[in-house]
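Written out below as structure tokens is the structure these notes cover.
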There are 2 protein chains.
Amino acid sequence: MLLKVGATIGILGGGQLARMLALAAAPLGLRCHVYSPEKNSCAFDVVHDYTIGDFEDEDALARFADAVDVVTYEFENVPAKTAAFLSRRKRKPVLPDPKVLALTQDRLVEKDYVASLGIATAPYAAVNSAAELHEAIDKIGLPAVLKTRTLGYDGKGQAKIMKASEADAAWRALRGVPCILEGFVKFEREVSVIAARGADGQVECFEVTENVHRDHILHISTVPAKVSPALGAEAKRVATKIAKAFGYVGVMGVEMFVVRRKGAQHVLVNEIAPRVHNSGHWTIDGATVSQFEQHMRAVAGLPLAKPLRLGKKVEMINLIGDEILDTARWLKQPGTSLHVYGKGKPSPRRKMGHVTRVWPGK
Amino acid sequence: MLLKVGATIGILGGGQLARMLALAAAPLGLRCHVYSPEKNSCAFDVVHDYTIGDFEDEDALARFADAVDVVTYEFENVPAKTAAFLSRRKRKPVLPDPKVLALTQDRLVEKDYVASLGIATAPYAAVNSAAELHEAIDKIGLPAVLKTRTLGYDGKGQAKIMKASEADAAWRALRGVPCILEGFVKFEREVSVIAARGADGQVECFEVTENVHRDHILHISTVPAKVSPALGAEAKRVATKIAKAFGYVGVMGVEMFVVRRKGAQHVLVNEIAPRVHNSGHWTIDGATVSQFEQHMRAVAGLPLAKPLRLGKKVEMINLIGDEILDTARWLKQPGTSLHVYGKGKPSPRRKMGHVTRVWPGK
């Protein structure tokens, strides 16, 4: 389906990703309609229209579907049932396909799927009981991280296990829900690839981005990443393989660890985000097309752009919590673009904005 | 006045300039409220709120003033009375100051003002009658252009006079309104400087842009312009002088002719636009800060950014009328950004969008 100028893209979720998607849709001549349960969603400020409603409110969802030409989402925890309801007969196409949601909402299913493609991941095992946790530890070794299979992000729903004696406490801390144990990886660095796949099957990857986390939250992303050309090519190959296997339409982020095996760098896939990704925010200011525009192009059935980096180096720094209160220094810094999400009061671990620094030249 | 995150900027006018201003305000954490007489204004798609009303509708204007923290405008033909009404006691600051509107809405007053600053312009003379037109021709020579003093743009309200025998017809064609006769300038090229002045008096100019017109409408803007470094410095000096003399707050465009005198390039000021300007559209994709963001920073009382060009060359091409129907080729071109204004049906001389081409590197 090719959307025409004036067509409307519906976005599930009203946070900063929806906001940046809407800002990228406008120059393509596309309108956006945001659906969000939150009354003061920051994406409402920049869209043609919005609907406030729970993800279970079928009346509101039906009205939303009537008002848009296609539906996409800004976050992976949209209930799969909501996406299925919207895409049912006579309603609207949902892109990327809701089946990808179901797959990536469960860490175990996701890892099994990636492994089935012949792509390396950190060692992992399913954990459904305290006994299984001990078996998993025997198999994988320590240290390791116990994670809930669903609904975790930014370090939530995780418990580190350094010694076997901590296992039972970790299991209790996650309240006995189905979990996955992941072995610690001694990585050289963390990188990600933002890949876009168009409705026509064309895949375009942004260049490999190097990420530094602070307290489990992305802190700084930098391009170019300090990786070999071979590693860069391998990382893009992996992301492309996943996007193709999914029959994906839109932008996805693939987080990877860079490890050294027999002297050469290789990647292990850590996590897949079926949406635009924080580590791709640098592309707004630092590339000839942004991940947000690329996603909107894909969802609208338009051709993808070939992304080129602008500048010899680009750096994205997240503004977390109170860091948003000190924007003056960034406003004055040459080559720096400020992105305030307009999310109201800052709380300690909340992503409130980001800045991008571009060093022009080659 | 320094606006805080969540503050609202009111924009008079709802066309593409308002739309691009709103898109630039969002990342600064600022909301926009557009006031426009047109029911389907394209800026409505990307703003927090809007008011539909005539510029003479004082009730609607008062409601608009109540809803915003500061008022700016996207075009110079906002009735000076409207701006004055909004800025009256207990209402809201209007930036740039409405007195600049009054000054630039009249070609004669504008030229007299520029000349009073010791800045060169094309030769000109006031024309209030057919007899005065003949006197003006004797003084200035031919060919020349007769222009209405107010309300002309994109070649409207103009009549070329090649021979003295065409004078009376030209006078009649412009219906006897107060006019100005401007002598033809043998220019080497047309350039413009987009200058921003902050509330604190800081001035930042974008680099000199070279412009090619087609049928009196801007066709292509290119940076770098083919001018000497000395000419570049002179052009920025002239724009800065005007911005300072106006006590200007915001972005303005100064159109200039480059002429050669005694072997060296010099500028003659052609026209001043007290607003963001078509020849500055390249800055969205081709500079580390856009003219739109720079305007919003100034109006919000934030510090201006120091603009740096991205890429070794940047080109902006207007999409006029039906050209908007053939966007596919631009979408596929690497380094090219499409900007569709969402203005509905294209008519022959209507600005429907633009594309920016950036050549990365140094």
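The values are calculated or read from the model by the stated rules, or taken from the named source; none is laboratory data. Treat the numbers as computed from the prediction; the structure is a model and nothing was measured. Positions of Cβ are generated from backbone atoms using ideal geometry, with glycine treated the same way; all protein chains shown enter the neighbour counts.
Restricted to the stretch B:246-362, the set of strands (runs of 3 or more DSSP E) holding at least 3 residues that are closer than 18 Å to A:A26 by Cβ and within 13 Å of another protein chain (Cβ to nearest Cβ) comprises B:336-340, B:351-359. Is one or more of the residues making up the stretch A:339-362 touching a Leu at 6+ places or on another chain (Cβ under 6 Å) and at pLDDT below 95? Yes, because at least one residue in the stretch A:339-362 is touching a Leu at 6+ places or on another chain (Cβ under 6 Å) and at pLDDT below 95. Just wondering, is there one or more residues in the stretch A:117-124 that are part of a loop (DSSP other than H, G, I, E, B) and more than 26 Å from A:F257 (Cα to Cα)? No, every residue in the stretch A:117-124 fails to be part of a loop (DSSP other than H, G, I, E, B) and more than 26 Å from A:F257 (Cα to Cα). Could you please let me know if B:A102 is without any contact (Cβ under 8 Å) to a residue 24 or more places away in the chain, more than 21 Å from B:K236 (Cα to Cα) and either among the β-branched types (V, I, T) or surrounded by fewer than 20 Cβ atoms within 10 Å (Cβ to Cβ) (or both)? Judged against the criteria, B:A102 is a match. Where strands (runs of 3 or more DSSP E) fall entirely within the stretch A:1-82, those with at least 1 residues that are within 11 Å of chain B (Cβ to nearest Cβ) and under 28 Å from A:A305 (Cα atoms) are at A:8-12, A:31-36, A:49-52.
Residues that are within 16 Å of B:T104 (Cα to Cα) and touching a Lys or Arg at 6+ places or on another chain (Cβ under 7 Å) were ranked within the stretch B:117-153; the one that is surrounded by the fewest Cβ atoms within 10 Å (Cβ to Cβ) is B:L117.
Scanning the stretch B:233-257 for residues that are of a type in the set (G, A, S), crowded, with 19+ Cβ neighbours inside 10 Å and more than 14 Å from B:V100 (Cα to Cα) gives B:A235, B:A239. Scanning the stretch B:258-303 for residues that are crowded, with 21+ Cβ neighbours inside 10 Å and more than 19 Å from the chain's Cα centre (by Cα) gives B:T288, B:A300, B:L302. Of the residues making up the stretch B:199-237, not one is free of Cβ contacts under 8 Å to residues at least 12 places away in the same chain and either in a loop (DSSP other than H, G, I, E, B) or touching a Pro at 6+ places or on another chain (Cβ under 9 Å) (or both). For the stretch A:292-313, the count of residues that are touching a His at 6+ places or on another chain (Cβ under 7 Å), modelled with pLDDT of 95 or more and within 20 Å of A:S192 (Cβ to Cβ) is zero. Which of the residues belonging to the stretch A:1-22 are over 20 Å from A:K39 (Cβ atoms) and among the β-branched types (V, I, T)? Within the stretch A:1-22, A:V5, A:T8, A:I9 meet the criteria. Being among the hydroxyl-bearing types (S, T, Y) and outside the structural domain of B:I272 (by TED's automatic domain parsing) holds for only one residue in B:S221, B:S165, and it is B:S165.
Taking the stretch B:284-341 as the range and being of a type in the set (A, V, I, L, M), farther than 19 Å from A:R309 by Cβ and in contact with an Asp or Glu (Cβ under 8 Å, 6 or more places away or on another chain) as the test, the residues that pass are B:L304, B:A305. The condition (being in contact (Cβ under 8 Å) with a residue 40 or more places away in the chain and in contact with a strand residue (DSSP E or B) (Cβ under 8 Å, 6 or more places away or on another chain)) is satisfied by just one residue among B:N128, B:N77, B:N40: B:N128. Residues that are more than 21 Å from the chain's Cα centre (by Cα) and either outside any helix (DSSP H, G or I) or within 17 Å of A:G141 (Cβ to Cβ) (or both) do occur in the stretch A:188-197, at least one of them.
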